[in-house]
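Okay, structure first, notes after.
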Amino acid sequence: MENSAARLNVAQRTASIAALRSRTLDVFVIGGGVVGAGAALDAASRGLVVGIIEAQDWASGTSSRSSKLIHGGIRYLEQLDFKLVREALVERGRLLRTIAPHLVHAVPFLYPLTKPVYERAYVGAGMLLYDLFSYSGGHRPGVRFHKHLSRRQLREQLPGLGRQVYRGGLRYFDGQVDDARLVSTLVRTAVTEGAKAASRVSALHIQSGGAEPHVVLAQDEETGERFEIRARSIVNATGVWTEDSQAMLGAPGALSVTMAKGVHIVVPREKFRAEMGLIIRAGASVLYIIPWGEWWIIGTSDTPWHWDKTNPAPTSADVDYLLEQANRVMDTPLTRDDIRSVYAGLRPLVSGKARSTAKLSREHAVDVPREGIAVIAGGKLTTYRVMAKDAVDAAVAGRFPSPRSRTKGLPLLGARQLDEARTGAPELVSELGLSDAVADRLLGRYGDRIAEVLAPISEHPHLADRLRGGCGALRAEALYAVTHEGALHLRDVIERRLRLSIESNDSGYEAAQEVAELMAAELGWSAERVRDEVESYRGLIQQQRAAMDVPDDETASALLTAPR
């Protein structure tokens with residue numbers, strides 16, 4: 001199963017930068033979130049010469065701070081945005097069944113009812129339409145139909161729900177994904193198709209080439225070295241940085257992006273007794289209580305944001321809002337002491353005339369400010385593949401002939417021999433003294449690459465140990481993040497590869513030293529570098545916790561961006 005072309009690591013990054021400097025690309029992608037990664041895979045799988053850069057880590061922005069849902073968007077039905085809902089549900093089915101069945105899993109949710117007959121009929125009609133849309137792509141959706149539940153059934157399946165709150169409800173299914181892992185897997189898959197990928201490389205300026213190749217001035221953020229990249233077409237997929245990156249052309253862009261901050265809190269699973277997730281109305285938006293392993297993710301808020309794009313800050317007002325909304329329906333109210341972690345992300349919404357960010361459409365827009373340069377903004381995680389296809393199509397139009405997109409039925413790395421991996425996993429982990437639960441966990445994160453993750457344990461048995469901090473991750477996974485998944489810094493591993501930031505009792509504080517030492521052995525870090533990485537990450541945790549006591553965005557942002 002080992003394939004050196006599937007690795008993201010220091011050697012691969014160095015080789016990719018050398019290739020970016022030395023050859024003219026067909027398609028050059030700026031931005032390593034889910035849309036940029038999807039665009040790189042889309043273009044590379046067409047047989048084009050492709051490069052992609054990301055100024056920080058893969059998925060370090062919006063694409064690692066979502067609600068982790070692959071869904072049609074129930075609330076968009078009420079807004080009559082049927083096109084978006086249908087498109088998203090068709091994509092949900094592709095991800096669940098073909099593209100990433102190891103990463104995307106079906107999850108049941110309850111839509112509770114407060115009124116008798118009328119509300120049940122109204123919501124039931126919407127759920128029926130939701131189910132029918134999911135079949136409209138010509139394939140089975142990968143989830144079951146919705147089901148009506150009585151008040152008694154609600155009490156049995158959600159005993160933690162307030163008994164006087166609801167008269168019944170409807171159970172329906174959507175998908176769930178580790179968003180950051182989806183992005184890194186997209187990049188790795190693009191690399192297997194020939195793409196040249198380098199994180200921690202930023203674009204500084206774009207010189208439009210007219211009929212000739214465009215020239216991008218780039219900078220290696222690890223070394224400070226600047227170099228030029230030539231490409232016949234460019235895809236700008238920079239999310240909330242869209243307007244900043246449009247300015248690199250030296251001309252005003254047609255797209256304007258509104259940033260909406262979404263905050264989530266994470267609490268232990270035992271704090272809410274339920275067999276399924278929950279969606280409830282919360283003003284102009286909705287609130288999800290989402291099962292995530294041993295935890296609940298509760299979110300999201302939806303407020304305008306005007307400050308630092310790199311580290312949006314949760315405030316006490318955000319936390320209080322989420323607790324207030326969740327406690328409206330819980331039998332035993334949550335308190336701040338129940339919260340194990342908080343994270344905030346920014347949604348890049350194409351600006352419209354709506355008065356609040358909650359009402360802005362999640363449909364995407366593509367602009368072509370210069371021939372051969374496509375700028376894409378808006379959209380949602382679920383429809384990344386469609387967005388990527390549209391962006392590549394727009395970028396290459398008029399520049400050169402290109403084959404059509406192939407990604408509709410293209411399995412990502414980890415999905416291609418998944419059935420065989422599932423069959424062999426129990427014996428594999430047993431030989432290493434690990435449990436079936438470990439096999440299930442690894443299959444759900446790495447798919448058919450599970451043997452690759454566990455291979456070093458034979459020579460280094462200590463890698464089978466779990467990391468400290470109350471999480472289920474193995475030390476081998478931290479090593480794999482460096483050798484195969486492109487992690488260059490401690491925060492890359494803790495936040496985006498292993499999710500210790502939301503899957504441990506202390507946001508990864510205790511595990512930081514252990515992970516840094518594992519990384520040091522592979523990356524050649526000095527003791528001083530290890531100390532700096534650990535202190536930086538632990539300082540970030542402390543700043544985030546302090547921001548939770550600050551009432552306003554501006555003050556919280558200043559606190560989170562202060563030197564550590």
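Restrict the check to the stretch 147-156 and report whether at least one residue is aliphatic (A, V, I, L, M) and surrounded by fewer than 18 Cβ atoms within 10 Å (Cβ to Cβ). No. Among the residues of the stretch 191-212, those identified as more than 17 Å from Gly250 (Cα to Cα) and assigned to a loop (DSSP other than H, G, I, E, B) are Glu193, Gly194, Ala195, Arg200, Ala211, Glu212. If you check Ala487, Ala455, Ala464, Ala451 for being touching a strand residue (DSSP E or B) at 6+ places or on another chain (Cβ under 9 Å), open to solvent by 10 Å² or more (accessible area, probe 1.4 Å) and not aromatic (Phe, Trp, Tyr), only one passes: Ala464. Remark: pairs (first residue in the stretch 413-437, without any contact (Cβ under 8 Å) to a residue 24 or more places away in the chain; second residue open to solvent by 70 Å² or more (accessible area, probe 1.4 Å) and not aliphatic (A, V, I, L, M); Cβ separation under 6 Å; 6+ apart in sequence or on different chains) = Pro426/Asp436. The C-beta contact set for the stretch 443-460 (first residue acidic (Asp, Glu), second residue open to solvent by 20 Å² or more (accessible area, probe 1.4 Å) and part of a helix (DSSP H, G or I), distance under 8 angstrom, 6+ apart or interchain) comprises Asp448/Glu420. Assessment of the stretch 157-172 against the conditions (closer than 30 Å to Trp58 by Cα, within 23 Å of the chain's Cα centre (by Cα), open to solvent by less than 70 Å² (accessible area, probe 1.4 Å) and modelled with pLDDT of 95 or more) yields no matching residue.
From the list Leu523, Leu498, exactly one residue is aliphatic (A, V, I, L, M) and in contact with a Cys (Cβ under 9 Å, 6 or more places away or on another chain). Which is it?
Leu498 is the lone residue from the list that is aliphatic (A, V, I, L, M) and in contact with a Cys (Cβ under 9 Å, 6 or more places away or on another chain).
Taken together, Leu48, Leu80 contain a single residue that is in a loop (DSSP other than H, G, I, E, B), hydrophobic (A, V, I, L, M, F, W, C), surrounded by fewer than 24 Cβ atoms within 10 Å (Cβ to Cβ) and without any contact (Cβ under 8 Å) to a residue 60 or more places away in the chain, which is Leu80.
Does Arg120 satisfy the condition of being assigned to a loop (DSSP other than H, G, I, E, B), open to solvent by 10 Å² or more (accessible area, probe 1.4 Å) and charged (D, E, K, R)? Before the answer, list the steps.
Values: assigned to a loop (DSSP other than H, G, I, E, B): no; open to solvent by 10 Å² or more (accessible area, probe 1.4 Å): yes; charged (D, E, K, R): yes.
So Arg120 does not fit the description; no.
Taking the stretch 4-31 as the range and being assigned to a loop (DSSP other than H, G, I, E, B) and either modelled with pLDDT of 95 or more or surrounded by fewer than 16 Cβ atoms within 10 Å (Cβ to Cβ) (or both) as the test, the residues that pass are Asn9, Arg23, Gly31.
Of the residues that make up the stretch 91-106, is at least one among the aliphatic types (A, V, I, L, M), on the phi < 0 side of the Ramachandran plot and surrounded by fewer than 22 Cβ atoms within 10 Å (Cβ to Cβ)? Scanning the stretch 91-106 turns up at least one residue that is among the aliphatic types (A, V, I, L, M), on the phi < 0 side of the Ramachandran plot and surrounded by fewer than 22 Cβ atoms within 10 Å (Cβ to Cβ).
Residue-level analysis places Ile298 outside the set of residues that are assigned to a strand (DSSP E or B), in contact (Cβ under 8 Å) with a residue 40 or more places away in the chain and either open to solvent by less than 10 Å² (accessible area, probe 1.4 Å) or in contact with a strand residue (DSSP E or B) (Cβ under 6 Å, 6 or more places away or on another chain) (or both). Suppose the filter is closer than 23 Å to Val266 by Cα, touching a Pro at 6+ places or on another chain (Cβ under 9 Å) and in contact (Cβ under 8 Å) with a residue 24 or more places away in the chain; does Pro108 pass it? Yes; evaluated as a whole, the condition is true for this residue.
May I ask you to verify whether Ser245 is among the polar types (S, T, N, Q), assigned to a helix (DSSP H, G or I) and either open to solvent by 20 Å² or more (accessible area, probe 1.4 Å) or under 26 Å from Ser60 (Cα atoms) (or both)? Step through it out loud before you land on a result.
Details: among the polar types (S, T, N, Q): yes; assigned to a helix (DSSP H, G or I): yes; either open to solvent by 20 Å² or more (accessible area, probe 1.4 Å) or under 26 Å from Ser60 (Cα atoms) (or both): yes.
So Ser245 fits the description; yes.
When the stretch 210-244 is filtered for residues that are of a type in the set (Ser, Thr, Tyr) and either farther than 19 Å from Asp390 by Cβ or modelled with pLDDT under 95 (or both), the ones remaining, listed by number, are Thr223, Thr242.
For the stretch 495-519, residues that are open to solvent by 10 Å² or more (accessible area, probe 1.4 Å) and touching a Gly at 6+ places or on another chain (Cβ under 8 Å) total 7. Name the residue, out of Gly38, Gly47, that is closer than 23 Å to Ala394 by Cα and in contact with a Phe, Trp or Tyr (Cβ under 7 Å, 6 or more places away or on another chain). From the options Gly38, Gly47, the qualifying one is Gly38.
Residues that are of a type in the set (D, E, K, R) and either open to solvent by less than 40 Å² (accessible area, probe 1.4 Å) or in contact with a strand residue (DSSP E or B) (Cβ under 8 Å, 6 or more places away or on another chain) (or both) within the stretch 194-231 comprise Lys196, Arg200, Asp220, Glu221, Glu225, Arg226, Glu228, Arg230, listed in sequence order. Highlighted here are the helices (runs of 4 or more DSSP H) found entirely within the stretch 373-487 that include at least 3 residues which are small (Gly, Ala, Ser): 384-396, 418-431, 436-446, 475-483.
The values are calculated or read from the model by the stated rules, or taken from the named source; none is laboratory data. Everything numeric in this text was worked out from a predicted model, so none of it was measured. Positions of Cβ are generated from backbone atoms using ideal geometry, with glycine treated the same way; all protein chains shown enter the neighbour counts. All accessible areas refer to the heavy atoms of the entire protein, side chains included, with ligands and DNA or RNA removed. Shrake-Rupley method; radii C 1.70, N 1.55, O 1.52, S 1.80 Å.
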